[in-house]
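Visitor: Dumping the structure here so I can ask a few things about it.
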Amino acid sequence: MAIPRFILATVLLAFVPASMVFAAAKPATRGPEIYSQDPEANDLFLKARELVKISDPRSGGKLSNARAAIELFDQAVKKDPNFALAYVEMARAWMSLDYSDPDAQPDSVTMPEARSDLRKALDIDPKLADAHLLAASIAYNYDFDWDMAGHDYEMALSLQPGNAAAHASYAAYLNSMGRFDESLYEIAKADAIAPSWSIDFTTARTYYSMRNFSKAEEYCQKSLAKHDNVLCHVYLGFSYIAEGNRDKALPELEIAQHFSKNFGAAAIQAYGFAMSGQRDKTEALLKRLFSGTEFGHIVSYRIAAVYLALGDNSVALNWLDRAYAEHENWINQLKVDPVIDPLRTDSRFRALMRKVGLN
């Protein structure tokens with residue numbers, strides 16, 4: 001029979017001098033995490049990661065931090081050319097510059113850099129879980145190669161089963177494929193490993209896709225209690241709209257718009273106005289969105305949603321075709337997004353679904 005750990009510890013302490021017990025009781029000083037055997041490269045990598053943490057516009061960050069991180073990652077790989085993880089993180093930082101913020105860059109600039117860095121990482125270490133996770137993200141968000149995305153998510157998890165981010169990312173993919181039970185299963189795994197506001201958001205989005213709007217609201221609020229973020233304000237607003245509760249939806253979408261000040265968030269607010277029958281406000285905001293660079297580059301999928309809310313399905317489909325042609329990552333929600341439901345029986349929409357590979 002195994003001896004319980006606390007009993008074993010008590011027995012052992014009886015034979016240890018008191019001076020050693022007190023010395024052992026002092027908190028240990030942890031050194032910096034080691035990712036590269038080159039101390040300078042490791043230090044640059046750690047500094048870059050800290051900048052990445054405060055760069056995500058969805059959490060109130062600034063893209064200038066991502067740019068600064070890229071410079072540090074680049075210095076790190078010059079110090080240590082075999083630093084595969086630094087290449088992966090640099091690729092992720094490049095991809096983060098593709099948000100619809102006014103200071104963002106188009107994916108025609110960011111994605112070649114990201115793909116190049118990913119290839120270098122995989123050449124150095126073909127079994128690096130983070131590299132396969134990034135490959136899956138590119139296949140899922142940009143290439144619409146659903147089979148390849150699933151393969152790389154599963155590869156990442158086979159290499160690193162305890163990676164909470166990998167389970168949560170795979171759950172988001174499964175949700176987009178309409179595989180809701182599997183999505184919730186992966187979310188539960190992620191939550192058991194490392195609970196976070198982003199995992200709560202992934203849960204909310206899956207329930208939203210399932211049309212379980214009350215559950216979606218519950219998890220949005222749970223996420224916001226941990227960390228204020230634009231995604232949960234958006235999906236809380238979407239859930240309220242889906243339930244017909246426009247009075248509660250509009251404040252959430254307004255918060256999201258002021259939070260991010262980018263094209264996507266502003267177009268989502270326009271969708272809220274349109275769904276509430278406020279056509280004048282909708283058209284005024286659309287005019288601002290198309291008048292210049294105040295909000296960053298156009299997000300065609302979100303404009304399609306506005307025209308759907310205005311009842312102009314034909315124009316909405318034109319914008320969805322453009323979103324597909326421009327490889328907007330919102331297209332990965334096409335199969336499950338309740339906002340798109342008015343188009344489900346339209347022959348043009350069905351043709352688009354076949355083209356996207358989401359039958």
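The values are calculated or read from the model by the stated rules, or taken from the named source; none is laboratory data. Please read all numbers here as calculations on a predicted model, not as lab measurements. Cβ atoms come from the backbone with ideal geometry, glycine included; neighbour counts cover every protein chain shown.
Visitor: Taking the criterion of being of a type in the set (A, V, I, L, M), in a helix (DSSP H, G or I), modelled with pLDDT of 95 or more and touching a Lys or Arg at 6+ places or on another chain (Cβ under 7 Å), would at least one residue in the range 219-234 satisfy it?
Guide: Looking for residues that are of a type in the set (A, V, I, L, M), in a helix (DSSP H, G or I), modelled with pLDDT of 95 or more and touching a Lys or Arg at 6+ places or on another chain (Cβ under 7 Å), one finds none in the range 219-234, hence no.
Matching residues to (1) assigned by TED's automatic domain parsing to the domain that holds G237; (2) surrounded by fewer than 24 Cβ atoms within 10 Å (Cβ to Cβ); (3) in contact (Cβ under 8 Å) with a residue 24 or more places away in the chain; (4) not β-branched (V, I, T):
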position	(1), (2), (3), (4)
S276	no, yes, yes, yes
K287	no, yes, no, yes
F295	no, no, yes, yes
A309	no, yes, yes, yes
D312	no, yes, no, yes
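Visitor: Oh, and also: Just to verify a result, which residue in the range 324-352, among those that are assigned to a loop (DSSP other than H, G, I, E, B) and not hydrophobic (A, V, I, L, M, F, W, C), is nearest to the chain's Cα centre (by Cα)?
Guide: E328
Visitor: I've got another one for you. Mind telling me which of the residues A135, A129, A156, A121 ends up being modelled with pLDDT of 95 or more and within 15 Å of the chain's Cα centre (by Cα)?
Guide: Of A135, A129, A156, A121, the one residue that is modelled with pLDDT of 95 or more and within 15 Å of the chain's Cα centre (by Cα) is A135.
Visitor: Of all helices (runs of 4 or more DSSP H) completely enclosed by the range 242-320, which ones contain at least 2 residues that are within 23 Å of D56 (Cα to Cα)?
Guide: 246-260, 263-275, 300-309
Visitor: Moving on. If I filter the range 57-69 down to residues being buried (at least 19 other Cβ atoms within 10 Å of the Cβ) and within 14 Å of D98 (Cβ to Cβ), which single residue comes out as modelled with the highest pLDDT?
Guide: That would be A66.
Visitor: Let me ask something else about it. Looking at (1) assigned to a loop (DSSP other than H, G, I, E, B); (2) more than 30 Å from P126 (Cβ to Cβ); (3) of a type outside the set (S, T, Y), which is the only condition F201 fails?
Guide: (1)
Visitor: Restricting attention to the range 33-56, which residues are part of a helix (DSSP H, G or I), surrounded by fewer than 19 Cβ atoms within 10 Å (Cβ to Cβ) and under 23 Å from the mean Cα position of the chain (by Cα)?
Guide: Correct list: L46, K47, R49, E50, K53.
Each row is one residue, and each column tells you yes or no for (1) over 17 Å from Y142 (Cα atoms); (2) small (G, A, S); (3) touching a helix residue (DSSP H, G or I) at 6+ places or on another chain (Cβ under 8 Å).
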{"site": "E294", "(1), (2), (3)": "yes, no, yes"}
{"site": "L308", "(1), (2), (3)": "yes, no, yes"}
{"site": "D312", "(1), (2), (3)": "yes, no, no"}
{"site": "L317", "(1), (2), (3)": "yes, no, yes"}
{"site": "A325", "(1), (2), (3)": "no, yes, no"}
{"site": "I331", "(1), (2), (3)": "no, no, yes"}
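Visitor: While we're looking at this one, here's another question. Which residues, counting only those in the range 63-95, are free of Cβ contacts under 8 Å to residues at least 24 places away in the same chain and assigned to a loop (DSSP other than H, G, I, E, B)?
Guide: The answer is P81, and nothing else.
Visitor: In the range 70-95, how many are modelled with pLDDT under 95 and over 15 Å from R115 (Cβ atoms)?
Guide: So the answer is 0.
Visitor: Filter the range 96-114 for residues that are more than 18 Å from the chain's Cα centre (by Cα) and modelled with pLDDT of 95 or more and give the result.
Guide: Correct list: P112, E113.
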